[in-house]
Amino acid sequence: MRKISIKFLIGFLLIFSFSFLVLSQTVMETIHTSNQNLIKTELVGLKNNSNVYVRQTFLINHFSNNELYFGEMAEELGNNLNHATGNSVGVYNVDGELIYASEKSLFTQPQGTDLQEAVDGKTAYNINYDGDQATVLFSYPVVIDGAKVGILRFYKDFSQLYQQSNRILDTTLYITLAIFAVTFLFSFILSRHITLPLGKLARASSEVKNGNLDVRIRLKRKDEIGRLADNFNDMINQIGLQMNIIRKDRDHLKELHEQEKRFFDNITHELKTPLTSILGYAELIKTNGEKDRNFFEKGMNHIIEESKRLHKMVLKLLEVSRRHAVHQDLNYVEAGAILRDVCESMAIRAQRYKKSICVDMEKELFMLAQEDRIRQLFINLLDNAIKYSLDFSEISVRGVHAEEKIRFTIDNPSDPINADQLSKLFEPFYLAHPTGSEEGSVGLGLSIVKSIVDELEGSISVVSREHRTTVTVEFKHSKPAEEGSIHA
């Protein structure tokens, strides 16, 4: 593909060459026409002056035969006209035969068209060029009293006029050529000033097309091309940012896909295991009946426990699917009392893990909520704190008033959680400590907590520092004026 700079160069060269040729031809034609007009003017003046002299001569001598007298007076007439006009003169009879010439060598050449025209009764001239010499032979018939008596022919040198015209033409062409050369050089430099940055832009865009987003254009210009380069760089930066976002989203989707796969594998295994156990015990009990009372009691207890575990997993799945469910009626509840009650009921579970719960709760921590939902929120938070706190640790639970809000914090010693893990804790199926997770856990607890907090227009945050994890939940404080419920 031809470069745009070459196209500019060829275009400028053609334009300037054509313009120079047209201008040169025009100047030459103008000078030639001007010279022709000057020659005609001088020849007309020469004819008029010589006619005046001839008529005066004939008036002084009243000859009856003017043609005979013209022949007799040819030498005198030729010499006088030669001195008067400064030009060589040839005197001819009416048939074009030379009678007298001031310089015979100038009139002995073959009969020219001008002389032939004069024989035919017309005025004519011929211009002869020889190198830088230009001469004119001018002939016209002499008419006395309406009768042609002879022909006068003048030889006039116009070499100086043509030499001067040629010098003017050469000077004009040289100046014109210099102007065109300077203009062409300036145009060429200007075109390169434009095309070079465009070439850089073209190469950079090709790099971007091939996937290289690190290319940048550095042009120290304040004109439109400079702004175009800046816009190109900004565009590449924006593309880079968008590509990074797309990569992150892609990685995030991939991670979610992997989490969902793990969840599916886990939930499949967790559902299959208790069902297999229930089916096995049920078949054995059906076969043996109550013959072995101890086995019967053991089997029934196992079936009940496994059924409860299945029920619990199904409920958790249902909770996740209720994120976008329509809100039900909200009542004024004392969230602090609910949390205290949950702590008391979860204390036995904490003891099994050799941990304890310390509660510090202010009074009248009222808010608008569903009691079972707020209870479920606290159960999940405490359950997480018990499972993931360090051994023999104390879990601190506090509830306080914070301006127009109520704030609950659950703080426990734990292994550190990095920032990347903290940002994903509330995602479904995500396990921050998969190796230390309780058997059957599929990472739904905090996702359910987040859905409840969002339903109640609250906020939740998790901070991990100095081997302690602190969960903070805030809700708007709403103290009841009277009993009743509000539909939200």
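Read-outs: derived from the displayed coordinates by stated rules, not from any lab. Predicted model only: the values in this text are computed from it and were never measured. Cβ atoms come from the backbone with ideal geometry, glycine included; neighbour counts cover every protein chain shown.
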Q. Say each of LYS286 and LEU241 gets a label point 7 Å from the Cα, pointing the same way as Cα to Cβ; how far apart are those two points in nm?
A. 6.6
Q | As computed over segment 4-169, the Cα convex hull volume per residue (Å³) | A | 128
Q.
Rounded to two decimals, what is the ratio between the C-alpha radius of gyration of segment 74-131 and 2.2 N^0.38 Å?
A. 1.14
Q: Could you tally the net charge around GLU364, taking each other residue with its Cβ under 12 Å from the Cβ of GLU364, Lys/Arg +1 and Asp/Glu -1?
A: 0
(Q) Please compute the length gained on full extension between MET28 and ALA202, using 0.36 nm multiplied by the number of residues separating them and subtracting their Cα-Cα distance. (A) 58.0 nm
Q.
With the crude spin-label approximation of a point 7 Å out along Cα→Cβ, what separation in nm comes out for HIS257 versus LYS476?
A. 4.1
Q: Starting from the Kirkwood radius over alpha-carbon pairs of segment 80-225, derive D by Stokes-Einstein at 37 °C in a medium of 0.692 mPa s and give it in µm² s⁻¹.
A: 154
Q: Would you mind calculating the gained length between ILE348 and GLN36 on full extension (0.36 nm times residue separation, minus the Cα-Cα distance), in nm to one decimal?
A: 99.3 nm
Q) So who's got an amide H within less than 5 Å of the one on ILE99, skipping anything under 5 residues away but keeping other chains? H placed 1.01 Å off N, in plane. A) VAL91, TYR92, ASN93
Q: Please sort 133-145, 226-238 by packing, taking for each peptide the average over its residues of neighbouring beta carbons within 10 angstrom, highest first.
A: 133-145, 226-238
